[in-house]
Amino acid sequence: MLNEVWRAGIAFVSPSGGRARLSILIFHRVLAQRDPFRPSEPTAEEFEQLMRLIRDQFQVLPLAEATVLLRERRLPARALAITFDDGYADNFTLAAPILTRLGLHATFFIATGYLDGGCMFNDAVINAVGGNRRPELDLGSIGLGVLPTVTNEDRLRAISQLLGRLKYLEPAERSGLANPDFRCAGVRPPRDLMMTSEQAAKLAVDFELGGHTVHHSILARIDTHRQRTEIVEGKRHVEELAGRPARLFAYPNGIPQQDYGREAIALVKEAGFSAALSTSAGCANAASDLFQLPRFTPWTTQPSRFSVLMLRNLALVKVGRSPHEDPVSPPDHGARR
């Protein structure tokens, strides 16, 4: 009965046809068990519960199909698509089996340079600081001074400060600054977090893979030549894995005008993608820019609150042309987009 009420409310806000609205969810990881240093990532049990809720309340579509129907004003009521960013191994081992069991589709955006044993900088930071058992970390070399790491709360604050300091640096500079601190912490960066090429290729049999650059580079921070290389080479690699054209792209980090701009949008179109996604909150309608589609994730695993936040997000329609909107962020845990 309650689901029927929710479906009716969602259908009222998001009807079919020309007035339809498309919700697009963004996830990164699904964990085997709770991780105190990744508090916004759901466990497999929580993810399945949320996906059952989504299946009951929304009509889940493959994203590529949804973008075509959106453009043609033929979306069904309560339309929703599910996406994952970066290419974590648990997308293949935990998330995909749940989605398959529930009959749901998703699109997985892969940063191809981290396949086969790579480690994204944020995970290296979280692993190092979270695994550190000393009472403090001396980060004076990168301007953060000495940070206490006695409690998990201390470590979460240190992770947040480190990620904020390193996120917008060049990948090579980022690694150069971070690695000495990791060695001081006595913790090796993990090498099994990302999918293997074989896993990505198997995932592509039942799901769609999309482009997410090679090295998860913040496109607004690099020159035109490097932007093109990151976009085109990432697309080429994804297509090799999937054995078919990659139609969809997700901007790394994804904040409009801060993480990507007009030049990146033009390069994504030039590369042959048919649509691209930001991390700006809200939903899309027929007037939305297909190359700046919004995405949203309520950072909660409580079903009732999840439903409320999803309905509230449906009221926020984005046409993709406002450079000043902030994306929805999780609490200050250093979670990355």
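The values are calculated or read from the model by the stated rules, or taken from the named source; none is laboratory data. For clarity, every value in this text was computed on a predicted model and none was experimentally measured. Neighbour counts run over all protein chains shown; Cβ positions are idealised from the backbone, glycine included. Please note that ligands, DNA and RNA were not included when accessible areas were found on the heavy atoms of the full protein model with its side chains. Shrake-Rupley method; radii C 1.70, N 1.55, O 1.52, S 1.80 Å.
Specify which residue in the list Tyr260, Gly243, Ile222 is farthest towards the positive end of the charge dipole of segment 222-271, using unit charges on the beta carbon of Lys, Arg (+1) and Asp, Glu (-1), about the Cα centre.
The one lying farthest along the dipole's positive direction is Gly243.
Please calculate how many Å² of accessible area the chain carries per residue, with a 1.4 Å probe and no DNA, RNA or ligand atoms counted.
Numbers: 14050 Å² over 337 residues.
Counting only protein heavy atoms, the per-residue value for the chain is 42 Å².
Just from its helices, what would the mean residue ellipticity at 222 nm be for the chain, if runs of 4 or more DSSP H residues each count -39500 (n - 2.57) and the sum is divided by every residue, rounded to the nearest 500 deg cm²/dmol? Write out the running numbers ahead of the final one.
Working: 11 runs with 133 residues, N = 337.
The per-residue figure over the chain is -12500 deg cm²/dmol.
Roughly what angle does helix 171-185 make with the longest principal axis of the chain, taking Cα atoms, 0 to 90 degrees, to the nearest 10?
So the inclination is approximately 60 degrees.
Mind pulling the per residue volume of the convex hull built on the Cα atoms of segment 65-127? Å³ is fine.
With only Cα atoms used, segment 65-127 gives 126 Å³ per residue.
Return the carbon/sulfur percentage of the accessible area of the chain, one whole number, probe 1.4 Å, all protein chains in place. Could you put the intermediate results ahead of the total?
Values: 7190 of 14050 Å².
The computed percentage sits at 51.
Most fluctuating residue of Ile126, Ile222, Ile82 in a GNM of the chain with Cα springs under 10 Å: which is it?
Of Ile126, Ile222, Ile82, the Gaussian network model singles out Ile222 as fluctuating most.
Thinking of segment 1-58 as a set of Cα atoms, what percent of all their pairs are more than 17 Å apart? Each step should come with its number before you reach the end.
Working: 869 of 1653 pairs.
Tail of P(r) above 17 Å: 53 percent of Cα pairs.
If you build the Cα gyration tensor of segment 1-143 and take the root of 5 times each eigenvalue, what three semi-axes come out, in whole angstrom, biggest first? Present the calculation step by step, with values, prior to reporting the outcome.
Working: eigenvalues 256, 60, 44 Å².
Square roots of five times the eigenvalues give 36, 17, 15 Å.
Mind sorting out which of (1) 205; (2) 135; (3) 121 is the real volume of the Cα convex hull per residue in Å³ computed from the coordinates?
(3)
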